[in-house]
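Every number here is computed from the coordinates shown, using simple stated rules; none is lab data. What you are looking at is a predicted structure, and each value in this text was computed from that prediction instead of being measured. Cβ placement follows ideal geometry from the backbone for every residue including glycine, while neighbour counts extend to all protein chains displayed.
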Amino acid sequence: MKTRILLVDDDPFILEMLKVSMTALGHAFDTAMDGEAAKGKLKEGEFSMVLTDLTMPRCDGMQLLKHVKAEYPQVEVIVITGHAETHGYTDVIRAGASDFITKPFGMDELEAKISRVIREQTLIRKLEHLSMCDMLTDLYNRRCFELKLHEEVPRAHRQGYPVFLVLLDVDRFKEYNDEYGHQAGDRVLHDIGRILVQCTRENVDWCFRFGGDEFAIIIPYANAAQVGLVADRIQERYGHEARYGVTSLTIGLAQFFRRPDTSWPEDIADLVARADKALYSGKAQGGNRVIVDASSPCPDEVVGREIP
């Protein structure tokens, strides 16, 4: 994510100086004249950092700092203060600030402190990415799947759009591994990851390695027929790769629906169970099929197809 900084100060001279500094350093920015205005800017747009004065009308810097840490924990805050302020360095750091600058300050100090925070944010994002990704396929992992499922499903229900869970399993994968070796099996899994990314929408659908030779996709903003076409594309692309030998893909689909008198965790677990049941129904029929969960609304032509 590109660094975008919110500059907050009620002194027009200081705010103008900060704007000139951000322009010289090449950072995107927006401005607010006090903490209350800054809250509105944070709600409207995405920022990676807030640079705020401490003494301001309506909502001061300490109140703004506490608001940012409570509502936007990934956003870092650098506090700017004068010598005679009530709150000192220890106070703002304990409240969650990343750093502290005392007026008057120079361009070199400002640049150094902003650069340090950006380096730390970049490192944290890299570590978070590694903790959420499967190293073999570069897809998101099972841990990330659980988090995203519990985010995407309630959001889809609140906003009134459908969301599907797709589970995929490699047919006869053990047989392939036994014949060609585990390195060849790893190449199959890696290539499936590539195919899933190619056949889904960037920044809309979520692709995961669910575990072993199972994969999952969360597909929002699509109906059953459209999700069926995604499954078709995945199987056709996989089938064109001759080096996969006897293997094929079986795919199970299920649409989320909210049931009365059940909890969110129960309904999400039910979604996974229905997709899993559809998947293993397809495998029991010989594999190389797309099976839609019977309780998911779906046109007949996408149910139980065998892909030649």
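Taking each residue as 0.36 nm, the span from GLU179 to ILE124 lengthens on full extension beyond its C-alpha to C-alpha distance by 15.6 nm.
With the convex hull drawn around the C-alpha atoms of region 142-306, the volume per residue stands at 108 Å³.
Can you compute the FRET efficiency between THR23 and ASN203 using 1/(1 + (r/R0)^6), with r the Cβ-Cβ distance and R0 = 30 Å? Round to the nearest 0.05. Computed FRET efficiency for THR23 and ASN203 comes out at 0.55. If you wrap region 1-159 in the convex hull of its Cα atoms and look at it from every side, the mean projected area works out to 11.1 nm². Each of the peptides 142-153, 213-224, 280-291 was scored by the mean count of other Cβ atoms within 10 Å over its residues; in descending order, highest first, they stand as 213-224, 280-291, 142-153. Taking every lysine pair in region 4-132 that is 8 or more places apart or spans two chains, those with Cα atoms closer than 20 Å amount to 12. Each of LEU110, VAL20, LEU127 was placed along the dipole of region 4-132 (beta-carbon charges, centred on the mean Cα), and the one lying farthest toward the positive end is LEU127. Full extension of the chain segment joining SER131 with PHE105 gains 5.5 nm, where the gain is 0.36 nm per residue of separation less the Cα-Cα distance.
The alpha-carbon atoms of the chain, seen along their principal axes, cover 77, 47, 29 angstrom, with the largest extent given first. In nm, to one decimal, how far is the modelled label at ARG155 from the one at ASP191, with both set 7 Å along Cα→Cβ? Distance between the two pseudo-spin positions: 3.3 nm.
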